[in-house]
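Accompanying notes for the structure given below.
Every number in this text was worked out from the coordinates using simple rules, so none of it is lab data. Values in this document were obtained by computation on a predicted structure and should not be read as measured data.
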Amino acid sequence: MRPASEVDLLWCMEESLRAAPVGLVIAEPEKPLSLTAGRRLQLAAEKGRTTGLVLIRQDAGSPATETRWHCEAMAGPVADSTLHDWTLTKNKKGTLGHWVVNWDGTSAAFTLVPKVGERRQLAEPAR
């Protein structure tokens, strides 16, 4: 969808999150989400049992988010590497963490669970 305004974008996101057959909604608003807008999206996602991913500019997040992630591309061993550095900086229901993710091109799925013996220490709890 290509909404004409920020209000239209929020409406599209909310309606899509409520829709039963939708599994994932991704959006990139230009302005920071208000607490009310973030909460409405959260409630819509819960009702539709849908995952919502909002791509936000640094420090423009909503306090209503369940989790907050930071992702940066990383230099890899080959020129077309897909290494990414993912950090979970906010998690209302669990621990924080840090992962290096690499997509090998053979699957649309990836896991953030490290192999046995490669487990990192848990992140310090948020204060």
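Quick one: length gained pulling ALA60 to LYS92 fully straight, 0.36 nm per residue minus the C-alpha distance? Write out the running numbers ahead of the final one.
Details: separation 32, 0.36 × 32 = 11.52 nm, distance 1.79 nm.
Length gained, ALA60 through LYS92: 9.7 nm.
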Report summary line: Computed over segment 1-65, the relative contact order (Cα-Cα under 8 Å, seq sep at least six) in percent reads 38 percent
Query raised in the report: Can you give the Kirkwood hydrodynamic radius of segment 66-106 from its Cα pairs, in Å with one decimal?
Result: 11.3 Å
Report task. Using only the Cα atoms of segment 1-65, each taken as one equal point scatterer with no solvent, compute I(q) by the Debye sum, divide by I(0), and report log10 of the ratio at q = 0.15, 0.17, 0.19, 0.20 Å⁻¹. Result -> -0.39, -0.51, -0.64, -0.71
